[in-house]
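Notes for the one structure printed next.
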Amino acid sequence: MRDGDHLYVWDNKADGHSVVALYSRSDTGNQSNATWNHYGAGTRLDHNMDIPEGGYIIYRVCLGEYADQIVLDWTCSPLKKESAA
């Protein structure tokens, strides 16, 4: 979710999977990044992005297996773009 330059990754379901946000930032070129919330159901991970004004992030949210760093591709949301404005 967008809130300033913070990327919040919520785990809303006790399903045994971690939640991962896969993203790229306008200020880092084609670099692919992942932020994992592996703390369990009902938790929120706050990732401070510190993106320059006018920048943006393109992301999708998926379930995965944190211990093995495996993303379950069939669970991913559509891509979304958010501005750092």
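Summary table below
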| quantity | calculated |
| --- | --- |
| Sites Ser26 and Arg60 - FRET efficiency at Förster radius 22 Å, r taken between beta-carbons, to 0.05 | 0.85 |
| Cleavage-rule hits (GluC sites (Glu not before Pro)) in the chain: DSSP loop, at most 14 neighbouring Cβ within 10 angstrom | Glu53 |
| Calculated FRET value between Gln69 and Asp5, using beta carbons and R₀ = 35 Å, to 0.05 | 0.90 |
| Distance histogram in 5 Å bins (all Cα pairs of region 2-83, percent per bin) | 3, 16, 26, 26, 17, 9, 3, 0 |
| Loop-located chymotrypsin sites (Phe, Trp or Tyr not before Pro) in the chain whose Cβ has at most 14 other Cβ within 10 Å (DSSP) | Tyr39 |
| For the chain, built as a Gaussian network whose Cα springs stay under 10 Å, the top-fluctuating residue of Thr75, Thr28, Thr43 | Thr28 |
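None of the figures in this text is laboratory data; all of them are computed from the coordinates on show. All figures in this text were calculated on a predicted structure; none of them were measured in a lab. A quick note on method: Cβ atoms are made from the backbone with ideal geometry, for glycine too, and the neighbour counts reach across all protein chains shown.
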